[in-house]
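Encoded as structure tokens, the structure appears first; notes follow it.
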Amino acid sequence: MTDLDQRIVSVLREHAEGETDTGRLLRRSRALGRRRQVRRRLTAGTALALVGVLGFVGVVRADVGGLAGRMPWTAATPEVAPPPVPPLADGVPGALQRPDLVGTDPQVLHLGVDTTRARYLGWSVHSSNAVESIRLSADGGQPVLLEVSPVAKALDDTSIEGFPVQAVSGRLKFDGGVLRVAGTDGLVKSWQPFPGLYARAATLRGDVAALDRVAGLVRWDEARRCTGPVRLTTLPANAAVTACAVDAAAFPKGLTVQLTVARAPSSTMWLRLIYGAEMGEDKGRASNRDLGGRPGFRYPNGNRLELLGLPKVRLTVDFAWPFPGEGPPGQVNFTEADAATVLTGAKVAADLTRPQTWP
């Protein structure tokens with residue numbers, strides 16, 4: 001991500017419990033003075049990955065069981081209830097057998113981790129830039145973010161949440177070396193697990209030994225489904241899910257899921273589910289929309305639609321580009337009707353703390 005991308009992530013996180021101030025986003029973006037670079041990257045399609053990352057880095061600023069405002073990198077790991085594990089994708093080859101498939105299907109992770117020695121804190125797939133990622137913690141240590149792609153540039157040309165924007169850009173050798181990020185306690189290791197696949201492991205705090213252990217925790221010969229407690233059963237015409245991201249660092253007290261839906265040439269919407277065990281009912285949003293016989297709420301900014309009535313859950317869709325007039329060439333927003341189609345067809349698990357019941 002560029003510095004603009006990280007500003008977008010930051011502001012959307014701040015407003016995850018309310019309407020997004022698009023004017024503020026626009027003012028901040030202009031202040032960065034990098035409009036040409038942004039347009040170039042948007043044209044290349046990487047903007048679809050940008051907000052898809054939001055689900056992974058944790059856009060929750062709401063009260064999700066006492067972890068308000070924390071990033072998954074630093075969120076304390078609950079001591080009760082085993083964390084969710086992405087279910088196996090039967091019949092799908094792992095990265096070892098088919099590295100070329102990595103990052104091509106937003107519903108599949110072509111790798112896993114040894115759950116006897118490590119815990120899943122989150123997982124994501126972004127097919128728009130061919131990257132799959134798992135965030136994990138081994139032996140109660142600091143979280144490590146593992147990202148893999150069949151394209152070296154997909155990892156070497158993107159920043160890491162929490163690190164300076166240009167910390168790794170153009171500096172990864174993929175030779176097993178560890179890069180110490182200036183100005184932080186961060187470490188990044190890059191290597192090729194086998195021909196055809198590139199990997200990057202990063203930690204905000206830790207030692208080289210922690211990164212060296214990551215490769216031994218990965219199961220390269222298995223595939224798992226990128227899934228969470230919400231499943232989309234209806235999509236607008238010619239649209240498809242292009243990214244899936246689940247943040248389970250605060251589980252079972254909190255959980256975040258984000259699904260990115262796109263339609264050629266450049267329409268994008270983002271469905272976000274936020275669960276908090278201690279999240280109370282927000283009585284400030286009275287229903288002003290009917291969503292298939294269920295109460296809905298369209299935010300005053302006009303770009304966000306929410307399905308109301310889900311206990312301890314916020315389920316929203318942002319269906320318009322957050323920077324008016326600054327989207328990719330030919331960009332056309334989805335409509336409220338499109339967002340309603342997604343929300344009315346969304347299946348949410350009855351008990352989000354029981355992964356075995358997830359749809």
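Annotations for the structure displayed:
- Taking amide H positions as modeled 1.01 Å from N, with prolines and chain starts lacking one, the residues under 5 Å from Ser267 and 5 or more places away or on another chain are Val332.
- Shape category assigned to the stretch 213-256 from the gyration tensor of Cα positions, a/c cut at 1.5: oblate
- For the stretch 213-359: rounded, prolate or oblate by the Cα gyration tensor [a/c cutoff 1.5]: oblate
- Computed lengthening from Val178 to Asn333, 0.36 nm per intervening residue step minus Cα-Cα distance: 51.6 nm
- Counting protein heavy atoms only, the stretch 112-229 has 46 percent of its accessible area on carbon and sulfur, 1.4 angstrom probe.
- For Gly176, the shell of other residues with beta-carbons less than 10 Å away shows a net charge of 0, using +1 for Lys and Arg and -1 for Asp and Glu.
- Solvent-accessible area per residue in the stretch 146-273 equals 36 Å², computed with a 1.4 angstrom probe and all protein chains kept.
- Hits among lysines - C-alpha to C-alpha of Lys347 under 18 Å, sequence gap 8 or more where chains match: Lys312
- Projecting the Cα positions of Ser266, Ser127, Val165 onto the charge dipole of the stretch 127-279 (unit charges on Cβ atoms of Lys, Arg, Asp and Glu, taken about the Cα centre) puts Ser266 furthest along the positive direction.
- For the stretch 322-331, the Karplus equation 6.51 cos²θ - 1.76 cosθ + 1.60, evaluated at θ = phi - 60°, returns couplings of x, 10, x, x, 10, x, x, x, x, 5 Hz by residue, with Gly and Pro reported as x.
- 29 Å Cα-Cα reach of Lys153 towards lysines, excluding residues that sit fewer than 8 places from it in its own chain: Lys173, Lys189
- What you get for the stretch 241-343, charging only the Cβ of Lys and Arg (+1) and of Asp and Glu (-1), is a dipole of about 180 debye around the Cα centre.
- The stretch 321-350 and the stretch 168-188: distance between their alpha carbon centers, rounded to Å: 36
- Near Pro229: Cβ cut-off under 10 Å, other residues only, Lys/Arg at +1 and Asp/Glu at -1. The net charge is +2.
- Vicinal HN-Hα couplings computed from phi for the stretch 223-229 (Karplus, 6.51 cos²θ - 1.76 cosθ + 1.60; Hz; Gly/Pro x): 10, 9, 8, 7, 9, x, x
- Residues whose placed amide H lies under 5 Å from that of Thr242, excluding near-sequence neighbours: Thr260, Val261, Ala262
- Calculated from backbone phi, Karplus (6.51, -1.76, 1.60) coupling profile of the stretch 289-302 in Hz, x at Gly/Pro: 9, 9, 10, x, x, 10, x, x, 9, 9, 5, x, 5, x
The values are calculated or read from the model by the stated rules, or taken from the named source; none is laboratory data. This is a predicted model, so every value here is computed, not measured. Here the Cβ is made from the backbone with ideal geometry for all residues, glycine too, and neighbour counts use every protein chain on show. Each accessible area value is taken on the protein alone, full model and side chains, heavy atoms only, with ligands, DNA and RNA left out. Shrake-Rupley method; radii C 1.70, N 1.55, O 1.52, S 1.80 Å.
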